[in-house]
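Below is one structure, written out as structure tokens, with a few remarks after it.
Laboratory data are not the source of any read-out in this text; all were calculated from the coordinates shown. Note that this is a predicted model, so its numbers are computed, not measured. Quick reminder, even Gly has a Cβ in these numbers, built from the backbone with ideal geometry, and neighbours come from all protein chains shown.
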Amino acid sequence: MTSAELALRNVRKSARDYAVYFMTLTFGICIFYVFNSLGSQQAVMDLSSAQSMTMRMLNSVVGSFSLFISVVLCFLIIYANGFLIKRRKKEFGVYLTLGMERERVSRILIWETVFMSLASLVAGLLLGIALAQGMAFVTASLLGVKISGFHFIFSAAAIGKTIIYFGLAFVLTLFFNVRQINKQQLIDLIYAGRQNEISRAPRPVAAVLFFLLSVLLLGVTYVMAAARLFDSALLLNFMLAVGAAGTFLFFFSLSGFLLAAVQRSKPYLRGLNMFVLRQLSSKINTTFVSMTIVCLMLFVSICALSSGLGMARGIAAELRGAPYDATLILRAETEGGDERSTFAPGALDSALTESRDLTAFAAASRSAVFYDVSDAGVVFEGPGGVKPVLYLLGLTDYNAALAMQGAAPLVLGPDEYGVNFGSGGAGWDRALTKYCAGGGSLTLGGRDLRTRGSLLRRQALEVSTRRNPDLVLVAPDELLAGRQAKKEILLINYPGSSLEYERLCLAALSDLKTASADGVELSGLIETKIQVNDYIGNTTATIAYLAIYMGVVFLVASATVLAIGQLSEASDNIHRYRLLNKIGADERMLSRALFTQNLICFGAPLLLALAHSAVGIAVAGQITQRIAGIDISGTSVAAALVMTLIYGGYFLATYWSSRNMVARG
Amino acid sequence: MILQAENLEKHYGGKNNLTKALNGVTFSVAAGEFLGVMGASGSGKTTLLNCVSTIDSVTSGRILIGGRDVTAMSGKTLARFRRETLGFIFQDFNLLDTLTGFENIALALTILRRPANATKEQVRDVAAVLGITDVLPKFPYQMSGGQRQRVAAARAIVTKPALVLADEPTGALDSQAARALLESFQELVRTRGATILMVTHDAFSASYCHRILFIRDGRVFRELARGNESRKVFFDQIIEVVSLLGGDGHDLR
């Protein structure tokens, strides 16, 4: 019998052992393919140019993520493979005892791995192709486009990529496997099943030291993150490396630490506690690697979920950011994106009178001048010490703008000014409320003005895809004389059917890209509600979708790793549970022991991942809020809910099936 | 009397092929007695042990352990009774390989939810009697077979059960380890007042008992008490009965 035939028979014979490995592989390949075939899904959709740009952007994001994901999946393969080899060791030992050469045994092992890899590659790709069809519909509904007729989505590029990435991973596992068999003494192979894996677990004292070290490393990471000490790439990488090392050490020493901590205490000698702890620590070699991976995957998952959901929720708020059908903003050209220079007011009106046909919009359009207010001595800081861009707007212009939105006008008392703030999240809101309540005195044209809490308005004043943390002060018109303008805005509401006037409006204004006023170069920017909705509805929704998708994938992947580990553990341990039953432990005690064991295995990575992401989201939240004005901290609750459902479901399913296994055994 | 078995019957199969594994077995064990049960394979000695240990149920007859009728118990009561009243020693040790010797013994106590503060002392006491104090911190795979079986014995006895049931405890041991184990059984009976019912096919092991029941075809075939005889004489008597058992009596397996 050739080695290949023997190998094939082995695979068939140990199908049960291989099932876990096969499932993990198939699952990983399937996800990898679906992820990478996202780009080819656009082929079947009728996309606008903005939408296909979104898809292109998505593709490049997916491209850079797929490397990261393939590393994770590679770990998954090696991890599942480890289980397999452990179970097969004894068999290989018997081959060697019977006089088979190590080369022949290695050859059998290589063939086995090749068969399994090919089978799971084919199965995974088939499953992935099937899943991609469904994903196309989900993506399409999110993008709000139709799929005309049935198209079979098939991405040759994604298949090629999957084969290359997993081919490499398989070669790597092959190398590991052969080395493991070649390296080991015959006696270790034969007695593999009987030995504890205790050898690599740190001694109790070392475990405590390692544990303290891991806490220290994690502390350093958290402090660095909270203090935002990661401006340079070097520091960022350092922080991530320290965090990863801390996580790794944490799980490496966790069971040893628990053992050392409770071994001398009473609870240790209660019920099956000592059995549970010993079970955990005896499996240290396999569990600490998987727990570290699971913890990091969960971390990514939580962050992706909460920011994805945050974006999805932000969409609703964004849509309120389009108060008119269109706006044309005219402002000074910038150099390097810094402070814009000021110009003489009226530039917009003079630019518009130059032979532009805006008669269609005459009744429903109005221009507003936003003045420079840098000399008024406004003392205000947003969250994190950020100074907003300040504008001054006349009361008449402001109330006219409000009227166009259908909002009630602002009424100012003598020596009072109003504050308007578009959007920017809860932090800004709190800061402004405090500022207004404090009076916020300033001097304008020689007069001292104050404000009140009730004069703070939250009204978007321009159509923009960007949430706008600009601060607009509203003052009586007489105080504006002689001021320089900072920007001028033409507010347009369409008098009738949107699409037709959109075309008219764009035709009339699209060439107003540049203008000049007293030698200052001005640039015009027109944005319409339809454009904004398009952009937000597509880009943001798609990114949110991607983030949620990734979050769920990582969540499911990590839960799968744990479930596989626990189930295979339970099947390995059936004889131990039966023994416990023989010496008097009843079913309730056994169930509780299984529950505790599963709880620790599922709970420990989750808890650490939650700690990681609490810090991560707090920091990321500050950053995204500053940059994009998106508040993601609130959605962490929703993310936690999704997590609980999926992860908790996996936990319960694993617990129940392992209990069934033990009860049946 | 710790154990009273009255007219035990155990039938297998249906009307056409009825097998009577136990066919009217009656015997009793006094407190502090070390009783051996011998018999060829198929004689019904394992069935007898299973019935006494409440793992299997009898077709008819009564088994009283400590005055309570176990044949009338069911479900949870039975599990609890087994846990609190009986101790088990198996042929293949059945130690948990992930636990140290100490923990294996202590486990029997923690399962019974005995107070934790007395656990250490109780384990050390019984370990001292069995001569395994040195191996308490070791894992089973670091012990010899004899040490493992004595740890298993310690686990069975540490809860002070009314009756210890040992199923071929020397079956997997060499003669020296077997002798050491049997001597510790005697020691347990002498110092702790343990009551042991041991099933064995080995005449040498049996010679350590106070009294021996010979089972054949589901009945008590002979009974032999050691009295004040030396172990050597008792051993010869056993060999005599074994040869009388006939059939594959010389090789009782």
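Peptide A:273-279: average number of partner chain Cβ atoms within 10 Å per residue?
On the way: counts 2, 10, 8, 1, 3, 8, 3.
Mean partner-chain Cβ count within 10 Å for A:273-279: 5.
Set the Förster radius R0 to 25 Å, insert the Cβ-Cβ distance between A:Lys183 and A:Ala4 as r into 1/(1 + (r/R0)^6), and round the FRET efficiency to 0.05.
Values: r = 24 Å, r/R0 = 0.95.
The calculated FRET efficiency here is 0.55.
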Mean Cβ-within-10 Å packing, highest first, puts peptides B:68-80, A:553-565 in the order A:553-565, B:68-80
Would you mind checking A:Lys387/A:Lys529; A:Lys86/A:Lys582; B:Lys45/B:Lys232; A:Lys89/A:Lys183; A:Lys13/A:Lys86; A:Lys582/B:Lys138 for any pair whose Cα atoms are more than 20 angstrom apart?
A:Lys387/A:Lys529; A:Lys86/A:Lys582; B:Lys45/B:Lys232; A:Lys582/B:Lys138
Pull up the DSSP beta bridges for the range B:3-245 and report the antiparallel fraction as a percent, rounded to 5.
55 percent
Two pseudo-spin positions, 7 Å from Cα along C-beta at A:Leu599 and at A:Ala226, lie apart in nanometres by 2.9 nm
For chain B, built as a Gaussian network whose Cα springs stay under 10 Å, the top-fluctuating residue of B:Lys15, B:Lys160, B:Lys120
B:Lys15
Taking A:Thr2, A:Thr396, B:Thr110 and counting other C-beta atoms within 10 Å, the order from fewest to most
A:Thr2, A:Thr396, B:Thr110
Residues whose placed amide H lies under 5 Å from that of B:Met198, excluding near-sequence neighbours:
B:Leu35, B:Gly36, B:Val37, B:Ala166
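Per residue of B:103-109, count partner chain C-beta atoms within 10 Å of its C-beta, then hand back the mean as an integer. Could you put the intermediate results ahead of the total?
Values: counts 7, 3, 0, 3, 11, 3, 2.
Whole-number average of other-chain Cβ neighbours for B:103-109 is 4.
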Could you work out the mean count of beta carbons from other protein chains within 10 Å of each residue's beta carbon in B:17-26?
0
Find the centroid of the Cα atoms in the range B:178-219 and in the range A:548-613, then give the distance between the two in whole Å.
43 Å
Round to a whole angstrom and tell me the spacing of the C-alpha centers of the range A:371-408 and the range B:67-114.
80 Å
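If packing is taken as the mean number of other Cβ atoms within 10 Å per residue, what is the order of A:6-12, A:369-375, highest first? Let's see the in-between values first.
On the way: A:6-12: 16.6, A:369-375: 19.9.
Packing order, densest peptide first, comes out as A:369-375, A:6-12.
Where does chain B land at 222 nm, in deg cm²/dmol rounded to the nearest 500, when only DSSP H runs of n ≥ 4 count, each adding -39500 (n - 2.57), divided by all residues?
-11500 deg cm²/dmol
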Amide H contacts of B:Asn23 (H built 1.01 Å from N, under 5 Å, at least 5 apart or other chain):
B:Lys10, B:Arg219
Quick one: which residues, 5+ away or cross-chain, put their amide H under 5 Å from the amide H of A:Val474? H built at 1.01 Å from N.
A:Leu393, A:Gly418, A:Val419, A:Asn420
